[in-house]
1. What translational D, rounded to a whole number of µm²/s, comes out for region 120-186 from Stokes-Einstein when the hydrodynamic radius is the Kirkwood one over Cα pairs, at 4 °C and 1.567 mPa s?
2. Order the peptides 351-362, 201-212 from the highest to the lowest mean number of other Cβ atoms within 10 Å of their residues.
3. With unit charges on the beta carbon (Lys/Arg positive, Asp/Glu negative), name the residue among Pro125, His114, Thr185 whose Cα is farthest towards the positive pole of the charge dipole of region 84-220.
4. Would you kindly compute the Cα radius of gyration of region 158-254 and its largest Cα-Cα separation (Dmax), both in Å?
5. Give me the dipole magnitude in Debye, nearest 20, for region 91-182 about the Cα centre, with unit charges on the beta carbon: positive for Lys and Arg, negative for Asp and Glu.
6. Please give me the summed charge of the neighbours of Leu51: other residues whose Cβ is under 11 Å from its Cβ, Lys and Arg +1, Asp and Glu -1.
7. Relative to the Cα centre, what is the charge dipole magnitude of region 136-258, using +1 at the beta carbon of each Lys and Arg, -1 at the beta carbon of each Asp and Glu, and rounding to the nearest 20 debye?
8. For region 205-336, give the magnitude of the charge dipole about the Cα centre (Cβ charges: +1 Lys/Arg, -1 Asp/Glu; no others), in debye to the nearest 20.
Amino acid sequence: MREPVDLRRQRILAVVQSRGATRVSDLAAELAVSVVTLRRDVEELAREGKLRRGHGVARPVLSETGRAAAPAAEPMADGGPVAVVVPERHSYLYEALHGARSAFEEAGIRIALHIAPAVAGAEQPIVEQALADGARGLLIAPRWRSRATEEADYAWLARLPVPAVVMERRPRRGSALHPVDTVCTDHWYGIHIAVEHLTGLGHRRIVLAARDDSPTARALRAAFVEIAADHPDVDKWAVALSSPGAAPDPAAETTEKPIDLPSLLAELGATAAVLHGDVDALMLVQSLRDGGVRVPEDCSVIAYDDVVAGLGSTPLSAVSPPKAEVGRAAAELLLRRLGGQSPATASGAGPARRLELMPTLQVRGSTQAPHATESRVPDASGTSGTTATPQ
């Protein structure tokens, strides 16, 4: 005799709650039903808020204590999609997007992805249209090439009628956007572990070749200036643009110039460089080789981003932000906000949160101890192309 549907679904819940995440195919085999039937059961249980479903997997619904939670009063699958807005041609944030997507899929919520072109103010009309189309929440990583474009977005983002989480961006303290949920990488720590690795190998003169056209780039530059200036084992340091297109407005006049990295290293007597981001890093390593500077024999290199750093002819050591984890944490913050949302407010689920996740250092073949003779390189009298040098 065929097992009643309700009893079968109770057994599914019991297995998932006791074992945790379980493959649908394994459940079907254990309960002696077809995968199609089991999948239909899982979808219905997820709709009722009794479990979560992912790609071929059923997961228990957990409370903050880690125990099985009571079914939600209203399934989160009811309602419109979550709008996700990221800049075009941004592989770093695309990895974060994958992490966010997995969390939304497990919650049974559809995402509507929007790609913002490289134009100042492009995000606002995209978000307004997404809301008009019924988006129930927003996950956004604005481009913010300059501080001015960043400040211009604060007011309208703070007035959104739906819950929002800002990803990999840290709004200015005290701004209208300060009390909005944010999740980002601790980039100060990323520069810290890069400098500690290099000084631990014996490098005393270090260059940062970095971009200056995003909040991440500006955070890296500020962190390096602070850390290098105060570090007891750093004798000389400098900061310069990593490429001609790395400034907020490449057409504007600026006293800072893109670097001839071999010349700058020679002027400073530097034996190590931190390069942001990966593509610029790989191109700068090639320019070093063209200038007769070997990596890592003559110059150790650490890239920052670790999207493609490991694919170079010499795989680059790299600071690796937890990109997918940032996206997932941002999605979970938004899901928490949506779960506590009432018709009268879009700010349920308690106070705003600003989360920072720690990056790691992936050591590959582009860093090693400097040659003993390099410590005798004379000090340079100038640092052409730099924006910061020790006093």
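Bear in mind these aren't lab numbers, they're just calculated from the coordinates by the rules spelled out. Note that the coordinates shown come from a computational prediction; the quantities given were computed from them, not determined experimentally. Neighbour counts are summed over all protein chains in view; Cβ atoms, including those assigned to glycine, are modelled from backbone coordinates with ideal geometry.
1. Approximately 106 µm²/s, per Stokes-Einstein.
2. Descending packing order for the listed peptides: 201-212, 351-362.
3. Final value for the positive-end residue is Thr185.
4. 16.4, 54
5. Values: 11 positive and 11 negative charges, 57 e Å.
My answer is approximately 280 debye.
6. Value of the local net charge: +1.
7. Here the size comes out at about 240 debye.
8. Using Cβ point charges on Lys, Arg, Asp and Glu, region 205-336 gives about 260 debye.
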